[in-house]
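The values are calculated or read from the model by the stated rules, or taken from the named source; none is laboratory data. Not measured: the values here are computed from a predicted model. Note: ideal-geometry Cβ built from the backbone for every residue, glycine included; neighbour counts use all protein chains shown. These accessible areas exclude ligands, DNA and RNA; they are computed on the full protein's heavy atoms, side chains included. Shrake-Rupley method; radii C 1.70, N 1.55, O 1.52, S 1.80 Å.
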Amino acid sequence: MQEKIIELKKQLDGRTDILLVAVSKTYPISAIEEAYKYGLTDFGENKVQELLEKIESTSLPINWHLIGHLQTNKVKYIIDKVKLIHSVDSIKLLAELERQAIKKNITVDVLLQINVAREESKYGFYVEEIEDALEYVQQLQKVNVKGLMTVAPFVKNAEENKDIFTRLYEIFIDISKQKRDNVNMDILSMGMSGDFAVAIKCGSNCIRVGSFIFGNRQ
Ligand SMILES: *Cc1c(COP(=O)(O)O)cnc(C)c1O
């Protein structure tokens, strides 16, 4: 694992502004602790139950990221335990995040997940739904949108996703020029093991990398 992390850092080429989220889903806590030892501090999980079990089973001060679809009835279990929720994909979920954040008197940082390629199989707002979501967020008290996230289509050659990544980067820049309460375009979360290099070239500043670090999942 150490060699993989060194190789990954080398590929990032000194770009300390890029947030590396190590996607640890399906891997045991021992793998997370090993990666932490090699300097990784931010870990991403896609399932609430698995995330909670991992949080329970380590004392390391890890920054946890939820990167998978979040059901509204599970918001209350994780809202005060994660640094960032990358996968906010509906107004209904924004409403529940606000409700639970008020209840706990905390603020919650989120990204809006955008289904740029309009894939039926994927969650996320369609591009034309972003405006309504941002307008909704502007009138909330406790939810901050910190940026955008996308999961690009599965392709043989990562270059095929260039247009998708570039499209989201342009939307990210457009929104960042607007002045809106509770909205700041700080984080553009795009790029995984197979396509992070392309995503970075297209403007990503947050990559979510699992199998490249930890090896193939079962
Ligand atoms: C699993 C997952 C990743 C990481 O995928 P790898 O190909 O293992 O790097 C990134 N983002 C999301 C949303 C995921 O579910």
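Observations on the model:
- Straight-distance crosslink candidates among aspartates and glutamates, where the alpha carbon sits under 19 Å from Lys25 and sequence neighbours closer than 8 are dropped: Glu33, Glu34, Asp42, Glu45, Glu50, Glu53, Glu56, Asp195
- Listed residue pairs exceeding 22 Å between alpha carbons, taken from Lys4/Lys47; Lys81/Lys179; Lys83/Lys146: Lys4/Lys47; Lys81/Lys179
- Each Lys and Arg adds +1 at its Cβ and each Asp and Glu adds -1 at its Cβ; summed about the Cα centre, region 45-145 shows a dipole of about 500 debye.
- Straight-distance candidates among the lysines for linking to Lys156, with alpha-carbon spacing under 19 Å and chain neighbours fewer than 8 residues away dropped: Lys122, Lys201.
- Net charge of the neighbourhood of Glu53, taken over other residues with C-beta under 15 Å away and scored Lys/Arg +1, Asp/Glu -1, is +1.
- Kirkwood Rh, Cα atoms: Rg over Rh of region 1-68: 0.97
- Heavy-atom accessible area per residue - the chain, 1.4 Å, Å²: 50 Å²
- Cα→Cβ-extended label distance, 7 Å offset, between Ala95 and Ser211, nm: 3.8 nm
- Taken along the Cα-to-beta-carbon direction at a fixed 7 Å, the label points for Thr166 and Leu12 span 2.6 nm.
- Neighbourhood net charge (15 Å Cβ-Cβ; Lys/Arg +1, Asp/Glu -1) for Val82: +3
- Relative contact order (%) - region 2-214, alpha-carbon pairs under 8 angstrom, separation at least six: 19 percent
- A straight line joining the Cα centroids of region 12-28 and region 75-138 runs 22 Å.
- Magnitude of the charge dipole for the chain, about its Cα centre and with charges confined to Cβ atoms of Lys, Arg (+1) and Asp, Glu (-1), is about 440 debye.
- Mean projection of the Cα convex hull over all viewing directions, computed for region 2-214: 11.4 nm².
- FRET E, pair Ser176, Lys76, Förster distance 35 Å, beta-carbon r, rounded to 0.05: 0.65
- FRET efficiency for Thr41 and Tyr126, using Cβ-Cβ distance with R0 set to 30 Å, rounded to 0.05: 0.35
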